[in-house]
Amino acid sequence: MVVEDIGLDASAPLLEVRDLRVHFKTDRGTVKAVDGVSWSISEGETMAIVGESGSGKSVSAMTILGLIQSPPATFPTGDIFLRGRSLMRMPEKQQRRLRGKEIAMIFQDPLTALNPVFKVGDQIAEMVRNHQDVSKTVAKRRALDLLGEVGIPNPAVRLNQYPHEFSGGMRQRAMIAMALANDPQVLLADEPTTALDVTVQAQIMALLTKLQEDRNTAIVLITHDLGVVASHADRINVMYAGRIVESGTTDEIFYQPRHAYTFGLLSSLARMDFSRQERLLPIKGQPPSLANVPKGCAFHPRCAFTTEKCTAAIPVLEPVGGDGHVAACVHSDRVAIAYEERVVTP
Amino acid sequence: MTTTPDPADLRFPAEALLTEPAVEEVIPVGEDVPVKRRSNSQWADVWRRYKRNKLAMVGLGVIGVLFVLAVVGQFLAPYDPFEQNLINTLEGPSADHWFGTDELGRDLFSGLLYGLRLAFIVGLSVMVGSLLIGVTLGAIAGYLGGAMDSLLMRITDVFLAFPYLIAAIILIRAFDPGRQHVYPVVIVLVVLAWPTTGRLMRGQVLAAREAEYVEAARSIGAPGPRIVLRHILPNSIAPVLVYAFTGIGVAIVSMAGLSFLGIGVPTDEPEWGRMIAAGFKFFQVPGSSYLWVFPSIAIVITVLAFAFVADGLRDSLDPKLR
Amino acid sequence: MGKFIIRRMAQGVLVIIAAMAAIFLALFAIGDPFSSSGDKVVPPDTQALLRSKFGLDKPLPLQFVIYLKNMFTGDLGIDYDQRRQVSSMLGEALPHTVRLALVAIVLDILIGVIAGIIAAVFRYTFWDVLVTILTTLALGVPVFVLGLSLRANVTGHFFFPAVPRSAFGEEPFWLAEVILPALALAVTDAAFVARLMRGSMLEVMRADYIRTARAKGLSERTVIGRHALRNSVIPVVTYMGIGFGTLLGGAIITETIFLYPGVGLLLFKSIQNNNNPVIMAVAAFAVIVFVGLSLIVDILYAYLDPRIRLS
């Protein structure tokens, strides 16, 4: 959209994260929240980042927006490119102009994410006015349109209400309206449905899909909920302990998982698309503290496939067949066989 | 107080990361969570956080020294603080009289030691008194609710409608028009301090009453008083205790302020506020400022020490508030 | 909202009447000044005459009702000492106290709020440590110690007038006269406000909506100045309201130290000679102002926090 910026490269991917590391120094040691993550996304695409809490998925999104403060954070390696422009080397002032305009974000809990003392309409209008040179009236008018567009009934009244007068689903709709106020190219959705009722979850996801089709927005969907991912994502990155452990299309991940962790996630999930399924298998143990990640493959203490090879070195992402399907597991073949045995594919 | 970041401050974003809500697909297995004895580790935790606060440790040390002085001071004092010596009035500090003598020749150092004892007695009595009344009434009002609660709230409303000092002055005059004793000061300060303690306690109990562990206790048929004493109080009293502790300093300053105005303690009592007021009458006499400066320093040191400890207690009991 | 205000006002009136009854009772316990001097100084029949003149011979509840009735007509009785209208004595002292309270509260806000914001925004830097140390010290120094130090060392120097006023000189400029007592009053309060502001600001800065504001691409100044400030100032407003109410009721210690002719000094003098009508009037005035300001604070609170406004 903005063409005057120097370094713009139309052929480059819309948004690219390259070998990103985000570390925090704390009393309990260095927390490696993100430890060497790369991915990219193009227009109209929905890419999911899936992982348990503490896997670093939210931090990577916050880093893209430049919301991680340094100190306490450090960024030992990595860069983020928006159409080839480096966001990390960009001065703060210039970065701020992109925030909310070309990259917008919606958050998990829409009640706490909206400022309780300002009217919802004003909060949306603020987003408009911050990036567009329009009058207050025009901005308010735009807020009204946006509220209507995200399916809020009676938007003229809702415009002048406060967040606590909205229901949970309505608040998230308002958040979405705010995020889309400047027609951003990339939308970072951090657990957008986790705090909502199941029926409302489906409505919100449907709304996001519809808005995405209208605007050709790229959506980075950050979630722990594989159910949401299955029906909405084009591609999936599975994260564990600050690293991507497997990446592929949604079909590849769901039907041919090649990392033991992905295998574990899928085995603990009730599936409707399989005719027969064995008992659900929970992953034992808890995700590691990011200040103290196990040696070698971080997943090995909880893994059913662990051998000595797993602790020798941190496995790297390697192609496991398919187009761009990669996994960082030394036992990817055994995982594939085990998964075949476990399920009877339709 | 400290300058090194505490893990509690890194809640956003690093801590937030570590404390994200638990996710369904992880089912923790009992093997890796050692069950600690909660009460012990809780207090150990409080003490560990408290120790990190240097000023709070200094405050604790100073209070310790002052406490010892208050207890054994009457044996250390070189003179009887009430003993007048009319040929030796308004003497500046000397080897005989370390802090000099007042207009009636009384030894200032001995007087200060006596005042220290008085400050401790009054400060601690006011704390204990307001805690006893405030916690009892606050817990009853909060737990029973209804008419009891409204009654208590209206009573505290009336108490809290007075500016503190005006209320104290009028009440003390009403209790003890002739200024014969010290205890009316204690009574009045307790009367003025308990409503806040009571309200705080009530709020804490109201919050705790709805908690699930109380619900659980009720469901197994535990009697009301037992629920309050065993389940609600231990979980809700910490902020009340911190507040009451802050009250020690307030009580000491209040007593001094009142006697500074000539109200409260008997006229010949070596009380710091009274000594300051008496000494300041001579402030235009060259070289006489020791008369009011020494008691002022005494009160500032004491109050600061209590304030440091209160700060440290608050921070270590509730690290979020820092 | 209207209902809420009316209910709170009714509550306030009841509280004021109850508080005044309490003062009345307390003053009765102190006793009347005509008998305390002893029968030899004031003969018994003179005492009786004086008592009936001041209405003290009537039963106490009736006295109270009469007092309340007179108060509504602006009649606060006549003082025992100079036989003047108490209302005019209060009227003379009041402008001085209002000036003092206003200057003190402005200093409070300026010093306290700004220091608190700086400490919170520049957390763990030199500025934060400085504010923490200064506020701790300020909170440990009682107002009379600070007041006396200022009186002993600063009054009469620079442009500050001498205390007490010289008998023949012209009246000093009010601001020059008010600034030192106001400073003595403001230091403790400002320290408290600074701490309150810092804590409140830090709490708010952690909130999710601050992250949202940053995600909107707002400048840090807007994030703090608009989104964080509005939320974090709420507890400070409450405290300031109560502090202002206390100040208006008369800063007894400070006014006494600086011999500043406000309500506090008037109260101090009347307490010294058991001048009950004046004590009663000042105390009642203080309670009314205090309760009234609490009400205003409640309304302001509701204005600042819409969550309260509508519930």
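Since every read-out is calculated from the coordinates, none of them should be taken as a lab result. Everything quoted here is computed from the prediction, not taken from an experiment. Using ideal geometry, Cβ is built from the backbone for each residue, glycine included, and neighbour counts are taken over all protein chains shown.
For region C:1-144, the spread of Cα coordinates along the three principal axes comes to 74, 47, 26 Å, biggest extent given first. Over all Cα atoms in region B:141-256, the spread is summed up by Rg and Dmax: 17.4, 57 Å. A Förster radius of 60 Å, combined with the Cβ-Cβ distance separating A:S11 from C:I234, puts the computed FRET efficiency at roughly 0.70. Computing FRET efficiency as 1/(1 + (r/R0)^6) for A:H164 and B:R218, where r is the C-beta to C-beta distance and R0 is 35 Å, gives about 0.70. Could you sort out which of A:K284/A:K309; A:K25/A:K57; C:K58/C:K269; A:K25/C:K216; A:K32/A:K295 sit more than 23 Å apart by Cα distance in this structure? Violating the 23 Å Cα-Cα cut-off are C:K58/C:K269; A:K25/C:K216. Ranked by how many other Cβ atoms sit within 10 Å of their own Cβ, fewest first, the residues B:W194, B:W43 fall in the order B:W43, B:W194.
Volume of the convex hull of region A:11-108 (Cα atoms only), normalised per residue: 111 Å³.
Using the Cα atoms of chain C to build a convex hull, what is its mean projected area in square nanometres? Mean projected area for chain C: 21.0 nm², to one decimal. Screening chain C for DSSP H helices whose Cα atoms reach 30 Å or more along their own axis and whose mean Kyte hydropathy is at least 1.0 gives C:2-30, C:86-107, C:174-205, C:276-304. Relative to the longest principal axis of the Cα atoms of chain A, the long axis of helix A:136-149 lies at roughly 50 degrees. Here A:K210 is the anchor, and the lysines within straight C-alpha reach of less than 21 Å, apart from those fewer than 8 places off in the same chain, are A:K101. Among A:K32, A:K25, the ranking by other beta carbons within 10 Å of each residue's beta carbon, starting with the fewest, stands as A:K25, A:K32. Modelled spin labels at C:N273 and A:T209, positioned 7 Å past Cα toward Cβ, are 9.0 nm from each other. Any idea how far the Cα center of region A:115-170 sits from the one of region A:15-72, in Å? Comparing the Cα centres of region A:115-170 and region A:15-72, I get a distance of 30 Å. Rounded to the nearest 500, the 222 nm mean residue ellipticity of chain A from helices alone is -9500 deg cm²/dmol, with -39,500 (n - 2.57) taken per DSSP H run of at least 4 residues.
Arranged from fewest to most other beta-carbon atoms within 10 Å of their beta carbon, B:T302, A:T112, A:T223, C:T188 become A:T112, C:T188, A:T223, B:T302.
Measuring how big region A:65-207 is from its alpha-carbon positions, Rg and Dmax come out at 16.0, 49 Å.
Summarising the strand pairing of the protein assembly as shown, around 60 percent of its internal DSSP beta bridges are antiparallel. Counting only Cβ charges, +1 for Lys and Arg and -1 for Asp and Glu, the dipole size of chain C around its Cα centre is about 1180 debye. Around the amide H of A:Y240, modelled in the peptide plane, lie the amide H atoms of A:V245, all under 5 Å away and 5 or more residues distant in sequence or on another chain. Counts of other chain beta carbons within 10 angstrom of each beta carbon in peptide B:146-157 average 1. Taking chain A as the reference, fit the longest principal axis to its C-alpha atoms, fit the long axis of helix A:120-131 to the helix C-alpha atoms, and give the angle between the two in degrees, 0 to 90, nearest 10. Taking the Cα atoms of chain A, the angle to A:120-131 is about 90 degrees. The calculated pair-distance distribution of chain A uses every alpha carbon pair, bins of 10 angstrom beginning at 0, and gives 5, 24, 31, 25, 12, 3, 0 percent.
With each label modelled as a point 7 angstrom along the Cα→C-beta vector, the B:L132-B:K51 pair spans 3.5 nm. With the convex hull drawn over the C-alpha atoms of region A:252-342, the volume per residue is 106 Å³. A protection proxy built from the mean count of other Cβ atoms within 10 Å ranks the segments B:195-201, B:209-215, A:258-264, C:13-19, most packed first, as A:258-264, B:195-201, C:13-19, B:209-215.
With all pairs of separate Cα atoms included, region A:110-183 yields a Kirkwood hydrodynamic radius of 11.7 Å. Restricted to Cα atoms, the protein assembly as shown shows a radius of gyration and a Dmax of 34.8, 117 angstrom.
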